[in-house]
Amino acid sequence: DVCPSELTVTCLNFHLILLCQYDTIVDRNARFPRWPVVNELHSFFGQLMYVVVLHFPACQALQLHEPTTIALAAIRSCPILKSHKDLDIHYYTKEGSIDVLDLTCVQCVVGRVKDGHGWAIIDRSGSLSRTIFAAEQDHEQ
């Protein structure tokens, strides 16, 4: 059993607006519970709110054979309304829900510029810095 005194939690709170691009796997058929799961990699943008770092001691009950650290990011999403694909500029007007995910999903920091009543996200990372998702393949013979 993990004793609460053995678990160490560190939480970093950002007091500035730090926008990032993050990638995560989404089930294309999530709205249809009886359909098969079809995972696709999607990119999102949002404001990094917190980084939570969990330090777990070795624990047989959790199958942790050595101390393990997990870093999570709490990101307030920025739902994109439209995009300019050639210039990699994405537009939003309001913030969405908070997503909590593994910090390794965060790909890069992006900028934003006020654009009328909304915001334009400027992504200068380029297409070469994107995550590649390798789907699991069945090896049936």
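The values are calculated or read from the model by the stated rules, or taken from the named source; none is laboratory data. Owing to the predicted nature of the structure, the values given are computational and were not obtained by experimental measurement. With ideal geometry, Cβ positions are generated from the backbone for all residues, glycine too; neighbour counts draw on all protein chains shown. SASA here: full protein model, heavy atoms, side chains in, ligands and nucleic acids out. Shrake-Rupley method; radii C 1.70, N 1.55, O 1.52, S 1.80 Å.
Computed over neighbours whose Cβ is under 14 Å from that of D99, the net charge equals -2, Lys and Arg +1, Asp and Glu -1. Taking every C-alpha pair closer than 8 Å and separated by at least 6 residues, the mean separation divided by the residue count of the range 56-124 gives a relative contact order of 27 percent. Here the extension length gained between V26 and S83 equals 18.5 nm, from 0.36 nm per residue of separation less the Cα-Cα distance.
What shape does the range 24-117 have by the C-alpha gyration tensor, where a ≥ b ≥ c are the square roots of the eigenvalues, rounded means a/c under 1.5, and otherwise prolate means a/b greater than b/c and oblate the rest? Oblate, since a/c reaches 1.5 and b/c is not below a/b. Calculated accessible area for the range 45-103 comes out at 61 Å² per residue, all protein chains present (probe 1.4 Å; ligands, DNA, RNA ignored). If the segment from D115 to N39 were pulled out straight at 0.36 nm per residue, it would be longer than the present Cα-Cα gap by 24.0 nm. The distance from the alpha carbon centre of the range 94-116 to that of the range 13-77 is 13 Å, rounded to a whole number.
When a 1.4 Å probe is rolled over the protein heavy atoms, the share of accessible surface on the range 16-101 that falls to carbon and sulfur comes to 58 percent.
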